[in-house]
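Visitor: My questions will all concern the structure given below.
The values are calculated or read from the model by the stated rules, or taken from the named source; none is laboratory data. Only a predicted model underlies this, so the values are computations on that prediction, with no experimental measurement involved. Here Cβ is always computed from backbone atoms with ideal geometry, including for glycine, and neighbour counts include all displayed protein chains. Side chains included, ligands, DNA and RNA excluded: accessible areas come from the protein's heavy atoms. Shrake-Rupley method; radii C 1.70, N 1.55, O 1.52, S 1.80 Å.
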Amino acid sequence: MKPTIHSSLSFEEFNLPSSCLYDTEQAGLTAADVEIADWLRKSYSSKYIVLAVNKCESPRKGVMQASEFWSLGFSPIPISALSGTGTGELLDLVCSGLKKTEDVENMDEEENYVPSIAIVGRPNVGKSSILNSLLGEDRTIVSPISGTTRDAIDTEFVGPDGQKFRLIDTAGIRRRASVASSGSTTEALSVNRAFRAIRRSDVVALVIEAMACITEQDTRIAERIEKEGKGCLIVVNKWDTIPNKNQQTATYYEQDVREKMRMLDWAPIVYSTAITGQSVEKVIVAASTVEKERARRLSTAILNQVIREAIAFKPPPRTRGGKRGRVYYCTQAAIRPPTFVFFVNDAKLFPETYRRYMEKQLRSDAGFAGTPIRLLWRSRRKVEKDEGKAATRTRSNLSPREGNVALTT
């Protein structure tokens, strides 16, 4: 039988956080509910309190079931932990309450945050020339001899709109076999520093040479950028070397880049000529846009609307046994890169093709240009198992103290 709490319960022994989630169940309004609500209102009126009415499995009857809890003095939210109904709205409400104590610190951190832009690519594609053109001075040595830049050089830069950036010029990255055959320890260390620069950056400007187009090494660098979860823009440098350009040249070139760099099909492309300074400022404009996309959050309500439309257009495929995947709800768990968690009945029922389809729908409907996004699929069975462990720990922590808490079955 379900445990009940006697009226001898002493609530003063519990310390509540800045926000409190009060959960009621399908049994309806009870005397214990009224007592707990009165205690919260009198003792913790300064706290952000959310009233959740659980076990409202029916969307139509849920509102009626929750209506009787208005007498407690809080706005009831009908939810169903079993099916996930209403949990997205509940999460938004809880997060909005948490912001009251965290927004000031987060705003200060965001204002003082300086994005880092790493300029990477093969040797002699014009990375140092792009840096010098952006700064308006010869900060780094430029030479037709490859390997001039040996170390990652950090430089502070202020954009036209006053936004601060940290530009990182890196050494050219050659193929591992070429570096090993050269026997140069210095070059090996330079390549390692370039990879570390990618790891500590926010946005990576992958520079390629216009006439050489995409090489195998460019593709490997692109894979490294995507693996690290960094924002990226593709800079096609030395654009002036392309002969007989017309209005369709850039279109055809972009198609070729997209075909050979499918792992970065979300990255914007900028065409520039660093020696003359032509269109170099577009690198900073594009990098600023990419960084904003990396740090963007979607509300759970908007996110789930996008997911529902995607599922309605193309439902998950059925297995041979007739089973079909079901998405209960989705929420954004992190930024830089944007990470989304899908709560589903069984993650194994969603093949890789459908997961890629969902990522494409998120990008087409919600944006996130220039940044990789991560999709995590969590099965209900695993969620229930984790919740069971958490409930066991909670019961052990809230064991009866000196007879003030009495539990009966």
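Visitor: Kindly state, to the nearest 0.05, the FRET efficiency for F74 paired with V341, given R0 = 30 Å and r defined as their beta-carbon distance.
Guide: Details: r = 28 Å, r/R0 = 0.93.
The formula returns an efficiency of 0.60 here.
Visitor: Take each of the peptides 333-339, 219-225, average the number of other beta-carbon atoms within 10 Å over its residues, and list them starting from the highest.
Guide: For the peptides 333-339, 219-225, the packing ranking is 219-225, 333-339.
Visitor: Applying the Karplus parametrisation 6.51 cos²θ - 1.76 cosθ + 1.60 with θ = phi - 60° to the phi angles of the range 258-266, what ³J(HN,Hα) value in whole Hz is obtained for each residue in order, glycine and proline being reported as x?
Guide: 5, 5, 8, 10, 5, 5, 10, 5, 8
Visitor: Can you give me the distance in nm between label points at Q255 and R324, each placed 7 Å from the Cα along the Cα-to-Cβ direction?
Guide: Roughly 3.8 nm, to one decimal.
Visitor: Let me ask something else about it. Full-extension gain between R196 and V158, please, as 0.36 nm times their residue separation minus the C-alpha to C-alpha distance.
Guide: Values: separation 38, 0.36 × 38 = 13.68 nm, distance 2.34 nm.
Fully extending the segment from R196 to V158 adds 11.3 nm.
Visitor: I would also like to ask the following. Would you calculate the separation in nanometres between label points at L376 and S184, each defined as 7 Å from the Cα along the Cα-to-beta-carbon direction?
Guide: 4.2 nm
Visitor: Suppose R0 equals 25 Å. What FRET efficiency, 1/(1 + (r/R0)^6) with r the Cβ-Cβ distance, do D38 and V94 give to the nearest 0.05? Can you show the working numbers first?
Guide: Values: r = 22 Å, r/R0 = 0.88.
Plugging the Cβ-Cβ distance into 1/(1 + (r/R0)^6) gives 0.70.
Visitor: Let me ask you something else. Counting only the heavy atoms of the protein chains, how much of R166 is accessible to a 1.4 Å probe, in Å² to the nearest 10?
Guide: 70 Å²
Visitor: Ok, one more. Could you give the length gained by full extension between N244 and E281, i.e. 0.36 nm per residue of separation minus their alpha carbon distance, to one decimal place? All intermediate terms of the calculation are to be shown ahead of the outcome.
Guide: Details: separation 37, 0.36 × 37 = 13.32 nm, distance 2.42 nm.
Once the chain is fully extended between N244 and E281, it gains 10.9 nm.
Visitor: Here is a further query. So if R0 is 25 Å, what FRET efficiency would A212 and K360 give, r being the distance between their Cβ atoms, rounded to the nearest 0.05?
Guide: Values: r = 30 Å, r/R0 = 1.19.
Computed FRET efficiency for A212 and K360: 0.25.
Visitor: Continuing with this model, one more query. Quick check: pseudo-label points 7 Å beyond the Cα along Cα→Cβ at S45 and Q305, how many nm apart are they?
Guide: 3.7 nm
Visitor: Find how much the distance from L29 to R262 grows on full extension, using 0.36 nm per residue of separation minus their present alpha carbon separation; answer in nm with one decimal.
Guide: Values: separation 233, 0.36 × 233 = 83.88 nm, distance 5.64 nm.
In short, 78.2 nm is gained.
Visitor: How large is ³J(HN,Hα) for each residue in the range 331-342, as worked out from phi by the Karplus curve 6.51 cos²θ - 1.76 cosθ + 1.60 (θ = phi - 60°), to whole Hz, x for Gly and Pro?
Guide: Running phi through 6.51 cos²θ - 1.76 cosθ + 1.60 with θ = phi - 60° gives 9, 8, 9, 7, 10, 6, x, x, 10, 10, 10, 9 Hz.
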